[in-house]
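Here's the structure we're looking at; comments come further down.
The values are calculated or read from the model by the stated rules, or taken from the named source; none is laboratory data. Worth saying up front: this structure is predicted, and the values here are computed from it rather than measured. Every residue, glycine as well, gets a Cβ built from its backbone with ideal geometry; the counts of neighbours run over all protein chains shown.
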Amino acid sequence: MSTPSPIEAAEAEAVTLTSELIRIDTTNTGDPETVTGERAAAEYVAERLTEVGYEISYVESGGRDRHNVIARLPGSDPSRGALLVHGHLDVVPADASEWSVHPFSGAVQDGYVWGRGAVDMKDMVGMTLALARHYKRHGIVPPRDIVFAFLADEEAGGKYGAQWLVDNRPDLFEGVTEAISEVGGFSITLRDNMRAYLIETAEKGIRWMKLRVRGTAGHGSMIHRDNAVTKLAEAVATLGNHRFPLVLTDSVREFLAGVTDITGWDFPEDDLDGAVAKLGNISRMIGATLRDTANPTMLTAGYKSNVIPSTAEAAVDCRILPGRLEAFDRELDELLGPDIEREWMELPPVETTFDGALVDAMTAAVVAEDPGARTLPYMLSGGTDAKAFQKLGIRNFGFAPLRLPADLDFSALFHGVDERVPVEALRFGTRVLDRFFRSC
C-alpha cells in the first residue's frame with residue numbers, strides 16, 4: 001500500500017477531529033444556569049495546538065466554563081494584513097429521542113459524520129484545526145499571518161465569545177483585515193449537474209425581542225376584560241402573521257443574477273417568491289433574505305390554571321435586512337401599538353462586496369478541486385460572529401467549503417434533527433482550505 005500524502009493525512013484527521021469534537025457536549029441553552037459551556041472542547045483544541053508547537057492564548061471570558069482559544073501562525077510577509085479564521089465551539093440543544101443516532105455520538109457511518117454541531121460548526125473547526133496542525137508539523141508558512149480563533153457562545157450572541165474578545169482583548173486580532181467563518185462555501189447543484197458554491201458576503205441583523213403585556217390579575221372563573229394573556233396572544237398572532245415588504249439588497253440581486261447566468265431562470269420581482277422556489281431546498285434560506293422576518297418562538301404567562309396573571313411575555317426572533325432597521329421599527333409600532341412593552345438584544349447586519357484578491361483566492365481554490373464550478377455571493381438569513389469582528393474594521397466572509405450531494409437538504413440540518421456532514425465533503429473542504437490558506 002502506498003503511503004498517504006500529507007494532505008490526505010490532514011483530510012483524514014479533519015474527519016477524526018470533527019467526530020471527536022461532536023462527542024464533547026457543548027450545549028448552549030442561552031441560560032447561564034443550564035448552559036454546558038465550552039471548557040472541555042476548548043481544552044481539547046488547546047491540547048491539539050500546543051502538542052504541535054503553537055503558543056496559544058487561552059481566554060476565560062467571565063462565565064462558568066466559557067473559554068476561548070486563539071493561536072497565530074506567522075506568515076512570510078508580516079507587512080500584509082492577517083487573516084482571521086474563526087469557529088465557535090458551542091452548539092444548540094438536541095433531544096436524543098428524536099435522532100436516528102445519539103446527537104453526541106460523533107458516529108462515522110453511512111458516509112457521514114453524525115451529531116449536533118456536524119455542520120454548525122464543528123466541521124469547520126475540525127478542518128481548520130487539522131490544517132493548523134498540518135502546517136506546524138510540516139513547517140508550512142502561509143503568505144500572511146493566520147489567526148485561528150475557537151470561540152464560545154456564538155449560539156447566544158457571543159457575549160462570552162467574540163463580543164467579549166472584541167471589547168476586552170482586541171490585541172489578539174492585531175493586524176487582521178479579513179476573516180472567514182461558517183455558512184458559506186457549500187455547494188448547491190443547479191441545472192445539468194452544475195454546482196455553484198455560495199460564499200456569504202452579507203447576513204441579516206438580529207433582534208431577539210421580548211414582548212410584555214400587563215393586565216389585571218384575577219380569578220379565572222370571572223368575566224375579565226383586561227386579560228394580559230389574551231392581549232399578548234392577539235399581538236403575537238398579528239406579528240407572526242405579518243408579511244414584511246419585499247426588499248432586494250445588492251447581495252441578493254447579485255446572487256440571483258448569477259443563478260440566471262448559470263441556468264437561464266428568470267426571477268421576476270412580481271413573483272419572486274415563486275421563482276426562488278425553483279432553487280429547491282436552499283430556497284428557504286434564500287427566501288428569508290428577501291424580507292425582514294419576526295417569528296414568535298416562546299410564550300410565558302401565569303402560574304395556575306384558575307388565576308389570570310397580571311403579566312404575559314413572548315419571545316420573538318427578528319431578522320432585519322441591511323438598511324431596514326428604521327423602517328422595521330416603524331412597522332412594529334404600527335402592528336403592536338403603544339401598550340406592548342418591548343426590550344431586546346440586538347446585533348447588526350453584516351455586508352461586504354463580492355470582489356478583491358480574497359474572493360479570487362476562494363474561487364481559485366474551489367475551482368481547482370471542482371473544475372467548472374462557479375462561486376456566487378449570497379446573504380445568510382441567520383447570524384454569525386462576524387457581527388462582532390466587523391467592529392474591528394475586519395471584512396467578513398462565510399467560507400467553510402463543502403461539496404454536497406445534490407439531494408442533501410443542507411439548510412435543514414442547521415439546528416435540525418439528524419444533523420450530519422458527508423465525510424467526502426470534509427475531505428474536499430480540507431483540500432480547498434489548504435489551497436486557499438496557501439494563496440490568499
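Can you spot a residue in the stretch 65-73 that is closer than 22 Å to residue 425 by Cβ and not β-branched (Val, Ile, Thr)?
Keep residues of the stretch 65-73 that are closer than 22 Å to residue 425 by Cβ, which gives none.
Scanning the stretch 65-73 turns up no residue that is closer than 22 Å to residue 425 by Cβ and not β-branched (Val, Ile, Thr).
Got a sec? Which of 262, 308, 282 is of a type in the set (Val, Ile, Thr) and assigned by TED's automatic domain parsing to the domain that holds residue 228? It would help to see each step written out before you state the result.
Values: 262 fails: assigned by TED's automatic domain parsing to the domain that holds residue 228; 282 fails: assigned by TED's automatic domain parsing to the domain that holds residue 228.
Criteria check complete, one pass: 308.
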### Message
Suppose we filter 132, 179 for residues that are assigned to a strand (DSSP E or B) and touching a residue at least 60 places away in the same chain (Cβ under 8 Å); which single one remains?
### Response
179
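In the set 350, 359, which member is over 26 Å from residue 111 (Cα atoms), among the aliphatic types (A, V, I, L, M) and out of contact with any strand residue (DSSP E or B) (no Cβ under 6 Å at 6 or more places or on another chain)? First the steps, then the outcome.
Working: 350 fails: out of contact with any strand residue (DSSP E or B) (no Cβ under 6 Å at 6 or more places or on another chain).
After ruling out the rest, the residue left standing is 359.
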### Query
Does the stretch 220-236 contain any residue that is in contact (Cβ under 8 Å) with a residue 60 or more places away in the chain and part of a strand (DSSP E or B)?
no
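Could you tell me which residue of the stretch 197-216 is modelled with the lowest pLDDT, considering only residues that are surrounded by 15 or more Cβ atoms within 10 Å (Cβ to Cβ) and part of a loop (DSSP other than H, G, I, E, B)?
Narrowing the stretch 197-216 to residues surrounded by 15 or more Cβ atoms within 10 Å (Cβ to Cβ): 197-215.
Those left that are additionally part of a loop (DSSP other than H, G, I, E, B): 204, 215.
Details: 204: 96, 215: 93.
Of everything passing the filter in the stretch 197-216, 215 is modelled with the lowest pLDDT.
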### Query
For residue 227, which of the numbered conditions (1) surrounded by fewer than 17 Cβ atoms within 10 Å (Cβ to Cβ); (2) farther than 30 Å from residue 365 by Cβ; (3) polar (S, T, N, Q) fails to hold?
(1)
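Restricting to the stretch 362-410, what's the tally of residues that are out of contact with any strand residue (DSSP E or B) (no Cβ under 9 Å at 6 or more places or on another chain) and assigned to a helix (DSSP H, G or I)? If you could, list the steps in order and put the result at the bottom.
Keep residues of the stretch 362-410 that are out of contact with any strand residue (DSSP E or B) (no Cβ under 9 Å at 6 or more places or on another chain), which gives 364-365, 368-369, 371, 391, 409.
From what is left, the residues that are assigned to a helix (DSSP H, G or I) are 364-365, 368-369, 391.
Result for the stretch 362-410: 5.
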### Task
Consider residue 367 carefully, then state whether it is within 30 Å of residue 199 (Cα to Cα), buried (at least 16 other Cβ atoms within 10 Å of the Cβ) and without any contact (Cβ under 8 Å) to a residue 24 or more places away in the chain.
yes
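Can you tell me which residue is surrounded by the fewest Cβ atoms within 10 Å (Cβ to Cβ) among those in the stretch 273-314 that are closer than 28 Å to residue 378 by Cα and in contact with a strand residue (DSSP E or B) (Cβ under 6 Å, 6 or more places away or on another chain)?
Applying the first criterion (closer than 28 Å to residue 378 by Cα) to the stretch 273-314 yields 273-297.
Narrowing the set further to residues that are in contact with a strand residue (DSSP E or B) (Cβ under 6 Å, 6 or more places away or on another chain) leaves 282, 289, 292-297.
Working: 282: 19, 289: 24, 292: 24, 293: 20, 294: 20, 295: 12, 296: 19, 297: 10.
Out of the qualifying residues, it is 297.
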### Task
Working carefully through the options 34, 26, find the one that is within 29 Å of residue 107 (Cβ to Cβ) and either of a type in the set (Phe, Trp, Tyr) or crowded, with 21+ Cβ neighbours inside 10 Å (or both).
26
### Task
For the stretch 411-426, enumerate the residues that are in a helix (DSSP H, G or I) and either of a type in the set (Asp, Glu) or surrounded by 20 or more Cβ atoms within 10 Å (Cβ to Cβ) (or both).
411, 423, 424, 425, 426
### Query
Restricting the search to the stretch 93-124, which residues are among the hydrophobic types (A, V, I, L, M, F, W, C), crowded, with 16+ Cβ neighbours inside 10 Å and farther than 24 Å from residue 47 by Cα?
94, 99, 101
